1. Does T145 satisfy the criteria of being crowded, with 18+ Cβ neighbours inside 10 Å and in contact (Cβ under 8 Å) with a residue 60 or more places away in the chain?
2. With the stretch 283-382 as the region, which helices (runs of 4 or more DSSP H) entirely inside it contain at least 1 residues that are at pLDDT 90 or above, of a type in the set (D, E, K, R) and closer than 23 Å to A41 by Cα?
3. List every residue pair whose Cβ atoms lie under 7 Å apart, where the two residues are 6 or more positions apart in sequence or sit on different chains, the first residue falls within the stretch 26-50 and is within 14 Å of P336 (Cα to Cα), and the second residue, located anywhere, is part of a loop (DSSP other than H, G, I, E, B).
4. Out of the residues in the stretch 75-115 that are among the β-branched types (V, I, T) and farther than 21 Å from P22 by Cα, which is surrounded by the fewest Cβ atoms within 10 Å (Cβ to Cβ)?
5. Test of understanding: among P126, P157, P111, which residue is of a type outside the set (V, I, T) and farther than 30 Å from P249 by Cα?
6. Do we have any residue at all in the stretch 42-56 that's surrounded by fewer than 19 Cβ atoms within 10 Å (Cβ to Cβ), more than 17 Å from the chain's Cα centre (by Cα) and farther than 24 Å from A194 by Cβ?
7. Taking the stretch 129-166 only, how many residues are over 23 Å from A30 (Cβ atoms) and either in contact with an Asp or Glu (Cβ under 6 Å, 6 or more places away or on another chain) or modelled with pLDDT of 95 or more (or both)?
8. Does at least one position in the stretch 314-333 carry a residue that is closer than 26 Å to S233 by Cβ and free of Cβ contacts under 8 Å to residues at least 12 places away in the same chain?
Amino acid sequence: MNNLRLAFALCMITTAVNLQAPLYAALAEADGLGVGGSTLAFAAYVAGVLPVLLAFSGVANRLGRRTLILMALGLAWLATTLTLLFPGLFALGVARGLMGIGTALTSSVAPAYMFELYRGRDTRVPAVWVTASTSLGFGLGAAVTSLFVLQSPSITPPSLWLYLVAGGMAIFLVATLPDTAPRQPTATMLRLPAYPPGAFSFGLAILLAWATVGVVIAILPSVLATHGLAAWSGFATFGICSCGIMFQPWARRLSSRASVQLGLAILPLAYGLIVWGALQGNLMTVLLGTLAASSACYGFVYLGGLSGVMALAGPENNARASAGFFLMAYLGFSLPVITTGLLIDAYGQDIALTLFGIALAIGSVGVVGSFRYCRREKRQGG
């Protein structure tokens, strides 16, 4: 039961992250800003993530894992309240910064905490719990918001109020979770992310995967808005984030490297399907494309990559290795998205989205090649 409570908390933390995703186009229009403005507000999330992952990954040793999860839930609750009281891109940017801090606190401790609560022999099972619960959350909030917006367009839909209730329940459930990790009051706060040998390729893979996710979440609503389909963007977010859970059982049957390589083979093709459907105003094609992309982003690459990194790091170094993995993920979730948004404002949707697709294809081929190179070097070294 304890691992279920933690999984629910992780789901609620990530649910807050994309709760407002279907509102980006409407908020940008209300504030008189273009796609670049909405992508900057979107990327404020990473401005909260990076300092924590880079400089404060040792905070868990001082405060404990349960405390960090409670802090993350509290920040998500506060961020959602801000977007209710002050709807607009500025408040959204501040809120996403708070969510970023909370998610970073979670990312550095969630795999190790789940491993502690699970107490099983299979080290991949805790990774499954973490990836499944967070994947569901990243898409759930957007989908629920879209349901309400389709019924009654609003920039403060009832889904925000519902989240406050669910987030409060999560805080209550986590408050009594056991946390047996010893406190170290004098432990250093600065513990830089680590990349054990072979782990950096997994980081590059998740960078590409989450860059694609970021483009769908932050930019796709404005593309769909040109066809009057912006209210459906939450389902695209749900598709690319949460449907990957269905593919995680397949990913578990593969080695970590094989899982990631399969995901990278699928990803550029799925992205092409999403972009073609969005530019043509074909919603069904977009949704099919997000389903395919999710199999890569939150199925094969996410689970395979996190499992691979944890296995390479070992128990003594898993917190720093996990922070390194998520650092790469969130770099992908921000910089390519901002760049693509600015390119859209400067050159138009077709050129910007095509350039991103070319970069994605080249990057995927390069990362797959790096896995094969590392394997060949290992064999020669042995």
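The values are calculated or read from the model by the stated rules, or taken from the named source; none is laboratory data. All figures in this text were calculated on a predicted structure; none of them were measured in a lab. In this analysis, Cβ positions are derived from the backbone assuming ideal geometry, glycine residues included, and neighbour counts consider all displayed protein chains.
1. So T145 passes the test.
2. Numbers: elements: 283-294, 301-313, 318-332, 335-347, 349-381.
Filter on the stretch 283-382 gives 349-381.
3. Partner pairs satisfying both residue conditions: V35/I219; T39/I219; A43/S334; V46/F333; V46/S334.
4. In this case the residue turns out to be I101.
5. P157
6. No, the stretch 42-56 contains no residue that is surrounded by fewer than 19 Cβ atoms within 10 Å (Cβ to Cβ), more than 17 Å from the chain's Cα centre (by Cα) and farther than 24 Å from A194 by Cβ.
7. Result for the stretch 129-166: 2.
8. no
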